[in-house]
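*Asks:* What follows is a single structure, and I will ask about it in a moment.
The values are calculated or read from the model by the stated rules, or taken from the named source; none is laboratory data. Predicted model, so just to flag it, every value in this text is computed and none were measured. So basically every Cβ, Gly included, is an ideal-geometry build from the backbone, and we count neighbours across all protein chains shown. Protein only, heavy atoms only, side chains kept; ligands, DNA and RNA dropped before computing areas. Shrake-Rupley method; radii C 1.70, N 1.55, O 1.52, S 1.80 Å.
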Amino acid sequence: DIEKGGLAIAGRRGHYDRFRGRLMWPIRDVTGRVIGFGARKLFDDDQGPKYLNTPETPVYHKNKVLYGLDLAKRPIAKTKRAVVVEGYTDVMAAHISGVTQAVATCGTAFGAEHVSILRRMMNDDATAEVIFTFDGDEAGQKAALKAFGDDQRFLAQTSVVVEPGGLDPADLWRSKGERAVREPIETQRPRFGFVFTTTSAKFDASSEGCRVAPIRDAPPILPGTQ
């Protein structure tokens, strides 16, 4: 049962703890039941990945889970706003700072199943709002652009927050406090503006051809605008 639940791995000399030597977060379903764990390595000699999650089990399916949703479900329903952050500590920092609608995926990209979950929670319509937050580095920008493929399934308005200094909500909270976490959420940018700005930054605006390129390249990222 322990192996089936993803807590232990069968080796040549018997079973061993999947999450040994790691800092662990319990992952709960929407009702508050623990269905899995996320774990960050603590020691430099750990050869495993930085973050390790429970594998697929009879009760844990990462594509159908949003970390923090058991706490965020009521604020999301009440305010018709959801804030999608990138990691476990980002969810924690957001909730501590008063952004109690924050949730995160569990080691996977934001996808169609996650959209369905939030749509039900928000009673999705044009008055609802979904805000994505991503790191300000190149990887974060790529993740933001990728997320906009599935965000078309929302009726809600969708916006993006990318912290210019490259800090995620957890880093912001540690270095600058709760207000620094809340302010970017309240000054988010519409996804259309973010996509065009990010796309145009790749081109040299000194020539006419390069000025036209973002107009050509951005619409495929924004389905329905071609």
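*Asks:* Provide the gained length on full extension for the span H61 to E113, in nm with one decimal, where the gain is 0.36 nm per separating residue minus the Cα-Cα distance.
*Replies:* In short, 17.7 nm is gained.
*Asks:* Report the full-extension gain for the segment D125 to D29: residue separation times 0.36 nm, less the Cα-Cα distance, to one decimal in nm.
*Replies:* Contour length minus Cα-Cα distance gives 32.1 nm.
*Asks:* On each of the three principal axes of the Cα atoms of region 1-48, give max minus min coordinate, whole Å, ordered largest first.
*Replies:* 36, 26, 10
*Asks:* So how do L66, L71 rank on accessible area, 1.4 Å probe, biggest first, that is with the largest at the start?
*Replies:* Order by accessible area, largest first: L71, L66.
*Asks:* Over all alpha-carbon pairs of region 1-80, lay out the pair-distance distribution in 5 Å bins, whole %, shortest bin first.
*Replies:* 3, 14, 21, 21, 18, 11, 7, 4, 2, 1, 0
*Asks:* Sticking with this structure for a sec: Just round it to a whole percent: the fraction of Cα-Cα distances in region 1-142 exceeding 27 Å.
*Replies:* 26
*Asks:* Separate question: What is the magnitude of the charge dipole of region 1-72 about its Cα centre, with +1 placed on the Cβ of each Lys and Arg, -1 on the Cβ of each Asp and Glu, and no other charges, expressed in debye to the nearest 20?
*Replies:* Computed charge dipole of region 1-72: roughly 80 debye.
*Asks:* Determine the alpha carbon to alpha carbon distance for each of K80/K176; K41/K62; K4/K50 and list only those over 25 Å.
*Replies:* K80/K176
*Asks:* Let me ask something else about it. Mind putting a number on the dipole of region 66-115 about its Cα centre? Charges go on the C-beta only, +1 for Lys and Arg and -1 for Asp and Glu, and I need it in Debye to the nearest 20.
*Replies:* About 340 debye.
*Asks:* Then there's this: Leaving out ligands, DNA and RNA but keeping every protein chain, what accessible area does D44 have, in Å² rounded to the nearest 10, with a 1.4 Å probe?
*Replies:* 150
*Asks:* Taking H placed 1.01 Å from N in the peptide plane, check which residues at least 5 places from G68 or on another chain put their amide H under 5 Å from its amide H.
*Replies:* When sequence neighbours closer than 5 places are left aside, the close amide H contacts are R28.
*Asks:* Place a label point 7 angstrom from the Cα of R153 along the Cα-to-Cβ direction, then list the residues of region 49-75 whose backbone nitrogen is under 17 Å away.
*Replies:* Residues 61-67 qualify, since their backbone N sits under 17 Å from the label point.
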